[in-house]
Amino acid sequence: MKKKILIIFGTRPEAIKVFPVINELNKNKKYFDLKICLTGQHKQMLNQVLDFFEIKPHININVMRKNQNLEELTSNIITKISSVIKKIKPDLVLVHGDTTSSFAASIASFYNKVKVAHIEAGLRTNNLYSPWPEEINRSLISKIAQIHFAPTLIAKKNLEIEGINRSKIIVTGNTVIDSLFITSNKIFKLNSIKKRLEKKFSYIKKNKRMILVTGHRRENFGKDFENIFKALKYVAERNKEIIIIYPVHLNPKVLLPAKKILGKVKNIKLIKPLDYISFIYLMHRSYLIITDSGGIQEEAPSLKIPVLVTRKNSERPEALKIGSAKLVGTNSKIIIKNIFKLLNNKREYKKMIIYNNPYGNGKAAKKIVNFLKKKNF
Ligand code: UD1
Ligand code: UDP
């Protein structure tokens, strides 16, 4: 009998990271009956990824509201996903990472006595409020899940420390690297795509150094984002020969202050969130990346681009350890000092270019699906 798997997700990074797993499950249709359900936590930012990877969801419970708060989002997802689970009656629910979609889908599965498998399990900062609410989301999913796909050995260790039986943990690498390889291949093997992207970004002159920026963490809302933006403004105004490209997250709590502080700076370009292939192309073209994103901390070391992380801690210590990423927090002076160091000191810059990637080899999804093929659940 085929195993019925329901995969549930709702945000941009989840779609990017579950795509390779969907792909592998679809290659194994004689083993699996796959249903894809979106929570719709994101809308435009998710659609960009669905279109690019041609993911065709079966169900969408459409929960996104402008400026949504966590209580409303969580309760809406739990109620609506419970109805979906009752109707589909899956043998297993697959969730990814640490979003509210993943947590709420896990608890809804638990209430309906359906087993959960967790992709990207075991990331921890051990600080409940940073990232907020992701640290508690992923910790609670680990309590609920019965299969844990940990991306790295450090993630596996974190789970073991919390008492999870090692027989239930499988170290797979991170599926983000699978997606990154698939997408980079498309860019550099298909001349037509490369040409289209070159044209789209022809305003970035080849002789200019480009800094790529993203930011969206809830714990950085308010003063911390203001500090980060003021640092970017300071650096741009004193280095007219560089260009800063910032695809701004659609959350109004990020978009409004970004426009207010950075909107008029000549060599800072605020643009809409980019489709995945465009973003990967820009990462390849960057001199430096400044971000609070989780996924980008994993992708950048593969592309040998240094990353300054505008957070106080990270659940991804691997890149920090090998030196390809550095935590710079949210203090303007410290951010400015670190950007200047990488712009002006070649030796410091070279130190951050590391030739191995701790997050995977592009085969994580295969490993996950091979395990699911053999496992009885
Ligand atoms: C969410 C996840 C975070 C993940 C991030 C990736 C939670 C609590 N947070 O944060 O873990 O790192 O996604 O980007 O699960 N919006 C739109 N269109 C979109 C998406 C968002 O307009 O396509 C706006 C809406 O006003 C929405 C707001 O952004 O209310 C916040 O979205 P939300 O999903 O709650 O939080 P993120 O900050 O995106
Ligand atoms: N990304 C994208 N377009 C953008 C910015 C980021 O496609 O304009 C991709 C990026 O390559 C990475 C993922 O989105 O794979 C990261 O998403 P985000 O930073 O929103 O979430 P996080 O990883 O912090 O959960």
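The values are calculated or read from the model by the stated rules, or taken from the named source; none is laboratory data. The model shown is predicted, which means the values in this text are computed figures rather than measured ones. Positions of Cβ are generated from backbone atoms using ideal geometry, with glycine treated the same way; all protein chains shown enter the neighbour counts. Only protein heavy atoms, including side chains, enter the accessible area calculation; ligands, DNA and RNA are left aside. Shrake-Rupley method; radii C 1.70, N 1.55, O 1.52, S 1.80 Å.
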For the list (1) farther than 19 Å from D224 by Cα; (2) open to solvent by 10 Å² or more (accessible area, probe 1.4 Å); (3) more than 13 Å from ligand 1 (Cβ to nearest atom); (4) assigned to a helix (DSSP H, G or I), I need the number of the one condition that F279 fails. (3)
Looking for something closer than 30 Å to K115 by Cβ and away from ligand 1 (no atom under 16 Å from the Cβ) - is there at least one such residue anywhere in region 328-336? no
In region 334-377, which residues are charged (D, E, K, R) and closer than 15 Å to I290 by Cα? K337, K341
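Among the residues of region 290-301, is there at least one that is hydrophobic (A, V, I, L, M, F, W, C), more than 14 Å from ligand 1 (Cβ to nearest atom) and more than 16 Å from the chain's Cα centre (by Cα)?
No.
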Determine, yes or no, whether E318 is of a type in the set (D, E), closer than 29 Å to L94 by Cβ and either in a helix (DSSP H, G or I) or open to solvent by 10 Å² or more (accessible area, probe 1.4 Å) (or both). yes
Given the conditions (1) buried (at least 21 other Cβ atoms within 10 Å of the Cβ); (2) within 20 Å of the chain's Cα centre (by Cα), which single one is not true for D51? (1)
Condition check: out of contact with any strand residue (DSSP E or B) (no Cβ under 8 Å at 6 or more places or on another chain), under 30 Å from G122 (Cβ atoms) and part of a helix (DSSP H, G or I). Does E299 satisfy that? yes
Tally time: how many residues in region 22-42 are open to solvent by less than 30 Å² (accessible area, probe 1.4 Å), away from ligand 2 (no atom under 16 Å from the Cβ) and assigned to a loop (DSSP other than H, G, I, E, B)? 1
Six or more apart or on different chains, Cβ under 7 Å: which pairs go from a residue in region 274-287 that's more than 7 Å from ligand 2 (Cβ to nearest atom) to one that's part of a helix (DSSP H, G or I) and among the polar types (S, T, N, Q)? Could you list them? I277/T183
Give just the number: which of (1) within 21 Å of the chain's Cα centre (by Cα); (2) away from ligand 2 (no atom under 16 Å from the Cβ) does M45 not satisfy? (2)
For Y287, only one of the following conditions fails: (1) closer than 28 Å to F188 by Cβ; (2) crowded, with 21+ Cβ neighbours inside 10 Å; (3) among the hydroxyl-bearing types (S, T, Y); (4) touching a strand residue (DSSP E or B) at 6+ places or on another chain (Cβ under 8 Å). What is its number? (2)
Given the options K304, K253, K259, K266, name the one that is without any contact (Cβ under 8 Å) to a residue 60 or more places away in the chain, surrounded by fewer than 17 Cβ atoms within 10 Å (Cβ to Cβ), basic (K, R) and within 16 Å of ligand 1 (Cβ to nearest atom). K259
Determine whether region 207-217 contains at least one residue that is more than 16 Å from ligand 1 (Cβ to nearest atom) and modelled with pLDDT under 95. yes
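Residues checked against (1) surrounded by fewer than 20 Cβ atoms within 10 Å (Cβ to Cβ); (2) in contact with an Asp or Glu (Cβ under 9 Å, 6 or more places away or on another chain); (3) closer than 18 Å to I119 by Cα:
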site	(1), (2), (3)
K2	yes, yes, no
I5	no, yes, yes
V18	no, no, yes
I59	yes, no, no
S75	yes, no, no
Hey, any hits in region 199-209 for a residue that's hydrophobic (A, V, I, L, M, F, W, C) and open to solvent by 30 Å² or more (accessible area, probe 1.4 Å)? no
Suppose we keep only residues that are under 25 Å from L70 (Cβ atoms) and either in contact with a helix residue (DSSP H, G or I) (Cβ under 6 Å, 6 or more places away or on another chain) or among the aliphatic types (A, V, I, L, M) (or both) within region 143-173. Which one would you say is surrounded by the fewest Cβ atoms within 10 Å (Cβ to Cβ)? I144
I'd like the full set of residues that are part of a loop (DSSP other than H, G, I, E, B), on the phi < 0 side of the Ramachandran plot and open to solvent by less than 50 Å² (accessible area, probe 1.4 Å), limited to region 335-377. M352, I353, I354, N357, P358, Y359
